[in-house]
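A.B. asks: Please find one structure pasted underneath; my questions will follow.
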Amino acid sequence: MRLILILNILLLPLYSFGQKDDILSTWTNGYEFYSASRYQDSLILCTGGNLHEGGYMFALRQIDTSFFQFTDCPFEDFHPSIGNKFETVNLSIINGQKVLIINSKAGIVREVLIELNSSLEELIIQNKVNYELSGKYVDDELKHYGFYPNKQSAYGFDSTEIYKFEYEFDIPANYITFESGQTYYYEQTEKGLDIYGASCNENDYWTKGDKIKSLRRVEYFHTTNNKNLFGNYPFASTTILLPSILEKFSKVELRIMRNEIFARHAYIFKSNKMKSHFTSQDWYQGKAENVNSKLSDLEKLNIKLISWAERNR
């Protein structure tokens, strides 16, 4: 027993050091990436950029192993690219994923960064595929189109299905080129997508052409393989909602997305608008007046993130 106690005392500094340096990783909000390193014993310097340029920076003052506060950058030439002075950051693990949760000065969760385990380019493309394009559509002549989730493949546009994204300033843009060589530009609308022609000049600069058609979304493709998750936005129960994901949805969509989390747990809605919306869904069954105990940590976090996005849209 005494030996175990001595070993615990000896190992405690190593464990604390590991916890202390958990933040020393690469983080992203879906737009930029940041590599965290120690500048001073209690200062964490996060430097990075987007796919086109660097020079982005913010600094954190460490309060304890998992709690930090935004502070002034130590270099006069740099201004913080994320966060405001005196806002706080919690380092947490949600569903096995490390996440930095940014809180406003009033203590309200407003934004997150996740540990970047792949490349930022891959993440940007994945988010465009799953949260901008994915779904079934019809045009004014009721012709069917679709973009599949989790892969760069579509139907209805061309003789081939595979497409790639064209780039502007080294960042994947809203130009998609099919294997046949046909390129389109797309814009998100409240009802679906507007599709335009596109052309590229001798300097490899893409320009939007004339509008070709409007597509109305008639069905969402689920980005998750979990068939027990119902609704149009099941990813809100499986994926940490980065700012780069939430900005792709309107305020109306965000409200439904947030309430859909509760609906999946059979919450009985008091709002007539939400009650009407969900009772029209064949999967919904209202059974409980309070479902807070059923919410996962990820869902609780996403509810806060969506709420902030709604208030500030």
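A.B. asks: From the set of residues in the range 114-150 that are within 18 Å of the chain's Cα centre (by Cα) and exposed (fewer than 14 other Cβ atoms within 10 Å of the Cβ), which is farthest from THR26 (Cα to Cα)?
C.D. replies: Looking at residues that are within 18 Å of the chain's Cα centre (by Cα) and exposed (fewer than 14 other Cβ atoms within 10 Å of the Cβ), I get GLU122.
A.B. asks: Only one of these is buried (at least 17 other Cβ atoms within 10 Å of the Cβ), modelled with pLDDT under 95 and not assigned by TED's automatic domain parsing to the domain that holds GLY54: PHE157, PHE165. Name it.
C.D. replies: Values: PHE165 fails: modelled with pLDDT under 95.
When all the criteria are applied, what remains is PHE157.
A.B. asks: Collect the residues in the range 263-301 that are part of a helix (DSSP H, G or I), without any contact (Cβ under 8 Å) to a residue 40 or more places away in the chain and within 30 Å of VAL99 (Cα to Cα), keeping them in residue-number order. Don't jump to the end; show me each part of the working.
C.D. replies: First, pick out the residues of the range 263-301 that are part of a helix (DSSP H, G or I): 263, 272-279, 292-294, 297-301.
Still in the list and also without any contact (Cβ under 8 Å) to a residue 40 or more places away in the chain: 263, 272-279, 292-294, 300.
ALA263, ASN292, SER293, LYS294, LYS300, listed by residue number.
A.B. asks: Can I ask one more? Please state which of the following conditions ILE261 fails to meet, knowing it meets all the rest: (1) out of contact with any His (no Cβ under 9 Å at 6 or more places or on another chain); (2) not assigned by TED's automatic domain parsing to the domain that holds SER307.
C.D. replies: Result: ILE261 fails condition (2) only.
A.B. asks: A further question follows. Taking the range 75-103 on its own, how many of its residues are surrounded by fewer than 16 Cβ atoms within 10 Å (Cβ to Cβ) and either of a type in the set (Asp, Glu) or without any contact (Cβ under 8 Å) to a residue 24 or more places away in the chain (or both)? Explain how you work it out, then say what you get.
C.D. replies: Step one: list which residues in the range 75-103 are surrounded by fewer than 16 Cβ atoms within 10 Å (Cβ to Cβ), which gives 75-77, 79, 84-86, 90, 92-93, 95-97.
Of the ones still in play, those that are also either of a type in the set (Asp, Glu) or without any contact (Cβ under 8 Å) to a residue 24 or more places away in the chain (or both) are 75-77, 79, 84-86, 93, 96.
Number satisfying all stated conditions: 9.
A.B. asks: Somewhere in the range 224-232, is a residue closer than 19 Å to VAL129 by Cβ, charged (D, E, K, R) and either at pLDDT 95 or above or assigned to a loop (DSSP other than H, G, I, E, B) (or both)?
C.D. replies: No; the residues of the range 224-232 include none that is closer than 19 Å to VAL129 by Cβ, charged (D, E, K, R) and either at pLDDT 95 or above or assigned to a loop (DSSP other than H, G, I, E, B) (or both).
A.B. asks: Continuing with the same structure: Here is a list of conditions, (1) over 30 Å from SER296 (Cα atoms); (2) in contact (Cβ under 8 Å) with a residue 60 or more places away in the chain, and LEU120 meets all of them except one; can you say which number that is?
C.D. replies: It fails just one condition, (1).
Here is a yes/no grid of residues against (1) touching a helix residue (DSSP H, G or I) at 6+ places or on another chain (Cβ under 8 Å); (2) among the aliphatic types (A, V, I, L, M):
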residue: THR65; (1), (2): yes, no
residue: GLU76; (1), (2): no, no
residue: HIS79; (1), (2): no, no
residue: GLY83; (1), (2): no, no
residue: ILE94; (1), (2): yes, yes
residue: GLY107; (1), (2): no, no
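A.B. asks: Conditions: (1) farther than 20 Å from LEU193 by Cα; (2) modelled with pLDDT under 95. LYS105 meets all but one. Number of the miss?
C.D. replies: The single condition LYS105 does not satisfy is (2).
A.B. asks: Looking at SER119, is it out of contact with any helix residue (DSSP H, G or I) (no Cβ under 8 Å at 6 or more places or on another chain), under 25 Å from THR239 (Cα atoms) and polar (S, T, N, Q)?
C.D. replies: On the way: out of contact with any helix residue (DSSP H, G or I) (no Cβ under 8 Å at 6 or more places or on another chain): yes; under 25 Å from THR239 (Cα atoms): yes; polar (S, T, N, Q): yes.
Yes, satisfied.
A.B. asks: Here is a follow-up. Against the definition (surrounded by 20 or more Cβ atoms within 10 Å (Cβ to Cβ), at pLDDT 95 or above and more than 30 Å from VAL218 (Cα to Cα)), how does LEU60 come out, yes or no? Before you say what the answer is, go through the steps one by one.
C.D. replies: On the way: surrounded by 20 or more Cβ atoms within 10 Å (Cβ to Cβ): yes; at pLDDT 95 or above: yes; more than 30 Å from VAL218 (Cα to Cα): yes.
Answer is yes for this residue.
A.B. asks: Condition check: more than 21 Å from LEU241 (Cβ to Cβ), β-branched (Val, Ile, Thr) and modelled with pLDDT of 95 or more. Does ILE44 satisfy that?
C.D. replies: Values: more than 21 Å from LEU241 (Cβ to Cβ): yes; β-branched (Val, Ile, Thr): yes; modelled with pLDDT of 95 or more: yes.
Considered against the rule, which asks whether it is more than 21 Å from LEU241 (Cβ to Cβ), β-branched (Val, Ile, Thr) and modelled with pLDDT of 95 or more, ILE44 comes out as yes.
A.B. asks: Scanning the range 168-204 for residues that are outside any strand (DSSP E or B) and touching a residue at least 12 places away in the same chain (Cβ under 8 Å), which turns out nearest to LYS251 (Cα to Cα)?
C.D. replies: Keep residues of the range 168-204 that are outside any strand (DSSP E or B), which gives 169-170, 179-182, 189-191, 201-204.
Then drop every residue that is not touching a residue at least 12 places away in the same chain (Cβ under 8 Å), which leaves 169-170, 179-180, 182, 189-191.
Details: PHE169: 29, ASP170: 30, GLU179: 35, SER180: 37, GLN182: 33, THR189: 12, GLU190: 10, LYS191: 13 Å.
Result: GLU190.
A.B. asks: Cβ-Cβ distance below 7 Å, separation of 6 or more or different chains: which pairs start in the range 215-231 with a residue that is surrounded by 15 or more Cβ atoms within 10 Å (Cβ to Cβ) and end on one that is of a type in the set (Asp, Glu) and part of a loop (DSSP other than H, G, I, E, B)?
C.D. replies: Between residues of the range 215-231 that are surrounded by 15 or more Cβ atoms within 10 Å (Cβ to Cβ) and residues that are of a type in the set (Asp, Glu) and part of a loop (DSSP other than H, G, I, E, B), the close pairs are LEU215/ASP139.
The values are calculated or read from the model by the stated rules, or taken from the named source; none is laboratory data. These numbers come from a predicted model, not from an experiment. Using ideal geometry, Cβ is built from the backbone for each residue, glycine included, and neighbour counts are taken over all protein chains shown.
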